[in-house]
Each structure stands twice: as C-alpha cells, then as structure tokens.
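The structure appears below as structure tokens.
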Amino acid sequence: MKNIVLKYARENFGSQPEYLWASDPDSAILRRGDNSKWYAVLMRIEKNKLGINSSEKIDVLNVKCDPLLIGSLLHNEGYFPAYHMNKQHWISIVLDGTVPENEILDLLNLSFTMTKRR
C-alpha cells in the first residue's frame, strides 16, 4: 500500500518522498510543491506506538484531516490518533489492508487540499 500512496502522490500532486531522518530511513514526508507544507508522513513503526499490544512493525500514513472527521474515523478499524503529530488535526492510518485503498487515497486528497495556502 505504501507504494500505491507514493505513486498516487507522484502522479496526482507531483510529490516525491523526502527521507529526512538518517536514523529512520523507512520514514518519509510528502509536501506540497507550492508552499512546502507537509500533507503526509509515511512511517514504519512498532504497533505498540498505536496502542496495539505488539512490537511488530507496521506501515502507517499520517494525514491532515478535519477534526470532526477524525472523531468519526477513530471509531473504525485501521484508524488511530496521529502518531507523532497533532492529534487534533492529523490521523494515522495503518497500511496493512484494513482500510480500503479508496478511503486512504480520499484522505490523502483531503490532506493535500487542507494544506493549501489560504
């Protein structure tokens, strides 16, 4: 799923992943070309960082999201309060097939739109 997200971002927004952390080469950000704001963060983290009782690693996508929508999404499987980001404005989505691809890409679109300069 990570590769689908990266391909979609490249094809639809012209974004290339930026790997900013030498200590975490699996994590990347996607940013808008017009204002350099981040609209997505891809990470490989231990499940226990999301409150899941396991040290197994999992790919997650953090996206900016409307706070009201976040409240709703958190009731669904595969969505978690944003790991390492503002939990009021960002949400983490597991990329293990739990959340349908179309939902993930819709939220990526929303995040891209929400990070547009106003």
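The values are calculated or read from the model by the stated rules, or taken from the named source; none is laboratory data. As the structure is a computational prediction, the values presented were derived from the model and not from experiment. All Cβ positions, even for glycine, are placed from backbone atoms using ideal geometry, and neighbour counts span all protein chains on display. Side chains are part of the model used for accessible areas, which takes the heavy atoms of the whole protein and leaves out ligands, DNA and RNA. Shrake-Rupley method; radii C 1.70, N 1.55, O 1.52, S 1.80 Å.
In segment 89-99, what residues are open to solvent by 20 Å² or more (accessible area, probe 1.4 Å), under 13 Å from GLY71 (Cα atoms) and β-branched (Val, Ile, Thr)?
none
Can you tell me which of (1) under 19 Å from TRP90 (Cα atoms); (2) without any contact (Cβ under 8 Å) to a residue 24 or more places away in the chain; (3) touching a Pro at 6+ places or on another chain (Cβ under 9 Å) is the one TYR19 doesn't meet?
(1)
Can you tell me which of (1) open to solvent by less than 50 Å² (accessible area, probe 1.4 Å); (2) at pLDDT 95 or above; (3) hydrophobic (A, V, I, L, M, F, W, C) is the one ILE45 doesn't meet?
Only one criterion in (1) open to solvent by less than 50 Å² (accessible area, probe 1.4 Å); (2) at pLDDT 95 or above; (3) hydrophobic (A, V, I, L, M, F, W, C) is unmet by ILE45, namely (2).
Would you tally the residues in segment 11-24 being out of contact with any strand residue (DSSP E or B) (no Cβ under 9 Å at 6 or more places or on another chain), at pLDDT 95 or above and on the phi < 0 side of the Ramachandran plot?
The number of residues fulfilling the criteria is 2.
Being loosely packed, with under 13 Cβ neighbours inside 10 Å and either in contact with a Leu (Cβ under 7 Å, 6 or more places away or on another chain) or not in a helix (DSSP H, G or I) (or both) narrows it down to one of ASN35, ASN102, so name that one.
ASN35
Have a look at LEU61, LEU69, LEU6 and point out the one that is open to solvent by less than 70 Å² (accessible area, probe 1.4 Å), at pLDDT 95 or above, within 15 Å of MET114 (Cβ to Cβ) and not in a strand (DSSP E or B). If you could, list the steps in order and put the result at the bottom.
Numbers: LEU61 fails: not in a strand (DSSP E or B); LEU6 fails: within 15 Å of MET114 (Cβ to Cβ).
Every option except LEU69 fails the conditions.
Report, by residue number, each residue of segment 72-88 that is assigned to a loop (DSSP other than H, G, I, E, B) and loosely packed, with under 15 Cβ neighbours inside 10 Å. Write out each step before concluding.
Initial filter on segment 72-88 (assigned to a loop (DSSP other than H, G, I, E, B)): 74-78, 82-88.
Listed by number, the residues that qualify are LEU74, HIS75, ASN76, GLU77, HIS84, ASN86, GLN88.
Go over the candidates ILE91, ILE104 one by one and state the one that is closer than 16 Å to LEU6 by Cα, of a type in the set (Val, Ile, Thr) and under 12 Å from the mean Cα position of the chain (by Cα). Spell out how you get there, then give the answer.
Working: ILE91 fails: closer than 16 Å to LEU6 by Cα.
Exactly one of ILE91, ILE104 is closer than 16 Å to LEU6 by Cα, of a type in the set (Val, Ile, Thr) and under 12 Å from the mean Cα position of the chain (by Cα), namely ILE104.
Any residue that is surrounded by fewer than 12 Cβ atoms within 10 Å (Cβ to Cβ), under 19 Å from ALA28 (Cα atoms) and not small (Gly, Ala, Ser) - is there at least one of those in segment 108-118? Steps first, please.
Of all residues in segment 108-118, those surrounded by fewer than 12 Cβ atoms within 10 Å (Cβ to Cβ) come to 113, 116-118.
Now narrow it down to the ones that are under 19 Å from ALA28 (Cα atoms): none.
Scanning segment 108-118 turns up no residue that is surrounded by fewer than 12 Cβ atoms within 10 Å (Cβ to Cβ), under 19 Å from ALA28 (Cα atoms) and not small (Gly, Ala, Ser).
State yes or no: is SER27 at pLDDT below 95 and open to solvent by 50 Å² or more (accessible area, probe 1.4 Å)?
Taking the combined requirement at face value, the residue does not satisfy it.
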